[in-house]
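Structure record follows, encoded as structure tokens.
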Amino acid sequence: MFVEIIINTVARALNKTFDYRVPKELEKDIMIGSRVFVPFGNGNKVAEGYVIEIKNASEFANKDIIKLEDSILTKENIELAKLMAMKYFCNVSDCIRLMLPPGNSNKDIEKRVKEKTIRKVYLNLSKEEIKENIDSKKIKSEKQIKLLNYLFENNGIGIKTLEENTCISKAIMKTLEKNGFIKFEEKRINRNPFKNKNIQKDKKLVLNKEQKEIYNQIEFMLENNEFAEFLLYGITGAGKTEVYLQVIEKVLKLGKRAIVLVPEISLTPQMVDRFLARFGDCIAVLHSKLSNGERFDEWSKIQNGDAKIIIGARSAIFAPVKDLGVIIVDEEHDSSYKSDSTPRYDAKDLARYICKKSEIPLILGSATPDICDYYKAKKNEKELVVLTKRANSASLPNVEIIDLRNELAEGNRSMISYRLHEEIIENKKRNKQTILFLNRRGYSTFIMCRDCGYTVKCKNCNIAMTYHLYENKLKCHYCGYEKQAVKVCPECNSKNIKYFGTGTQKLENEIKKLFPDMSTIRMDIDTVSKKNSHEEILNKFKNENIDILIGTQMIVKGHHFPNVTLVGIIAADTSLNMGDYRAAEKTFQTITQVAGRAGRDKEQGKVILQTYNPDNYSIICGQKQDYELFFSQEIMLRKRLNYPPFCDIITIKFQSTNEKEIKKVSEYIYKLLQKQNFLNCNIYKPVPSPIDKINNQYRWRIIIKCRVTKTMINGINNILKQFYETKWKNTNIIVDINSNNMN
């Protein structure tokens, strides 16, 4: 017997299979997906690999497998990994690692996460038998008798707890074990992320007419085991989650399971609470804020079939779910579903692939759908289902635009307009809560000398450093480098240093000065680094009725705060200046989503939208919360400029420590691309990236506008293969389709 093996490595030159012989003693256990150890290379160094094919003959196999460890992958996993490697221009082993149990990708077996166990003590005889032995003086030791009496009421207690409660040593226990009176057993402990939750059970709501019609369409596909992709477009507060809940209830009745993807870790606690209240603890959660042990146990819970509903960020798409019945992608427009690291996969694409293969429905839900998805739904490539009314009959908030140019003309240099200032005070008088949104963390976005114009930049990146007030440090948000704040200009020795721009720290400072009697809380990356900090901040804001929540993107989506009636958007222009063809779309989405946090209960909400560009169509459409109006203008512009959905954009990114080499490599790849003669394809010459240096790596790029086809993917993969066989050692290439980050 012979096998084809993929070696677990990041080396692109080794992204191919190697044949090995299977020793007779391993033949009955080996299968596709098995993890094995093999001698590799001229020095026969032991390497880890994965079996991707089993065959009866091989011309190339001249070495034997050393060790078969486990079989944790399925044929379906291997098939998906191969497909991903081709489509996302990476190694098969890069994709396989996404499918391993959390903490099990480490090549060192001893360092892998394992089941957590505790050694417990049990009586080995019945109480009556032990009492007979005590009465007949076969057991004479007072300490032994004391321990046995304690176990009568506490059978199966942990050794450590038993020692603490009885002050009896392990030596006494060992004697009792030797004489057959007690026994030790290893018991698994489940690291449960829900253990501190106390959720009240709730009942399903009565669906309104629109919700019921959508549910019926999805139910039909479920009962007939058919694939359909539904784009559920519903205004904020329209009750999309209730539709999800009732669809999943149907899935469970059919004996199947569900995956629910959410974009933000901050959304997970609220979504989990809703699902726990409805379905109990048959839920598993997968996201990066869990410990490795918790993630491993949640993964095991899924693999064993104990979890019926899986909720998580994009990587939850790889959960080992059997009998899958539906995949739901909430806030489907969110950019976090596309990975920015290798493999650069799109979770929505993979969800579509899995649903088609499993013949089950895929539901994409959003109040501001991705323009490309909405366009395809309009073209009947997806099922468009719409919720036009808020579920509790609440009306959408009123949005008022404040022109910050007029504020400056009137002498207001504060971050808070006069109008927003008034509304915050009025909101407090009514004992209501306020959310202030600013999608920029830190205190000031850059520091400049007003005498010579020197700007403090990161030593590793060609980017201005951000000032963080509370630590009094400058930080690079790209590579993490930090240094003490500058007081004297290093160029001209001037002390005329000015802090420009605004961030959430600065906003929080200003709010405390303007409203000293109001309570505030801030939610951004700097305040949510600790475990469960997302949930703690949100609960504190909600339960302690804190007056003002200040936050970045993570407070925008999905949260339901019944007492919030005022939202202030401090700088609506932030995303307009991002140098990306999606700038207007992201601006509209942000305005609509953050406005949707206001007035979700009975009282109508109000939104104050501050901007320097009040005439921009994304701002105007955001004020009206009119997605159709925005879509009609945006799609017309994209068609004229040939942007997605009318084409795909492939970005070939180059990174190198050698400035001369990166230019040569990018020109070499450009020439290879031109020789391919791709149809209907615009290949733009290589140029430095907008941010041309990050973490001491120079950066160039080539942009291709085209329709991605199998021919093009194969062509680019062949070019990459040629590149990795060349002499260049300092330059790395990344190929990304429809990248989130055009910088």
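Every read-out reported here was derived from the displayed coordinates using simple, explicitly stated rules and does not represent laboratory data. All of these numbers come straight from a predicted model, not from anything done at the bench. Cβ coordinates were reconstructed from backbone atoms using ideal geometry, including for glycine residues, and neighbour counts include every protein chain displayed.
Of note:
- Two-decimal log10 I(q)/I(0) for the stretch 648-737, as the Debye equation yields it once each C-alpha is a single scatterer, q = 0.12, 0.16, 0.19, 0.22 Å⁻¹: -0.33, -0.59, -0.83, -1.09
- Under 14 Å, Cβ to Cβ, from residue 225 - net charge with Lys/Arg +1 and Asp/Glu -1: -1
- Neighbourhood net charge (10 Å Cβ-Cβ; Lys/Arg +1, Asp/Glu -1) for residue 158: +2
- Once the Cα gyration tensor of the stretch 394-494 is diagonalised, semi-axes √(5λ) in Å: 36, 18, 13
- Tail weight of P(r) past 18 Å, computed on alpha-carbon pairs of the stretch 2-100, percent: 41
- The stretch 1-78-the stretch 395-443 distance, computed between alpha-carbon centres (Å): 62
- Two-site FRET efficiency, residue 729 against residue 378, from Cβ-Cβ distance with R₀ of 51 Å, rounded to 0.05: 0.55
- Proximal charge balance of residue 612 [Cβ under 13 Å; K/R count +1, D/E count -1]: -3
- In terms of its Cα atoms, the chain spans 99, 73, 68 Å along the principal axes, sorted from long to short.
- Overall dimensions of the stretch 209-387 as given by Cα atoms, namely Rg and Dmax in Å: 15.1, 46
- Per-pair calculated FRET efficiency, R0 = 56 Å: residue 636 and residue 161 via Cβ, rounded to 0.05: 0.20
- Relative exposure of 299, 728, judged by other C-beta atoms within 10 Å (fewest first): 728, 299
- Separation of alpha-carbon centers, the stretch 185-247 and the stretch 128-146, rounded to whole Å: 57
- Cross-link partners for residue 140 among the lysines, with Cα-Cα distance under 26 Å and sequence neighbours closer than 8 places in the same chain left out: 120, 127, 131, 160, 170, 174, 178, 183.
- Spin-label model distance (nm) - residue 455 vs residue 45, 7 Å beyond Cα toward Cβ: 4.4
- Label sites at residue 603 and residue 691, each approximated as a point 7 angstrom past Cα along Cα to Cβ, lie 4.1 nm apart.
- Here's the list of lysines a cross-link from residue 432 could span, going by alpha-carbon distance under 16 Å and ignoring same-chain residues fewer than 8 apart: 540, 542, 602, 606.
- DSSP beta bridge pairing in the chain, given as percent antiparallel to the nearest 5: 55
- For residue 201, the lysines whose Cα comes closer than 18 Å to its Cα, not counting residues fewer than 8 places off in the same chain, are 308.
- Unpartnered cysteines - no second Cys beta carbon under 4.7 Å - across the chain: 90, 95, 167, 282, 355, 372, 479, 621, 647
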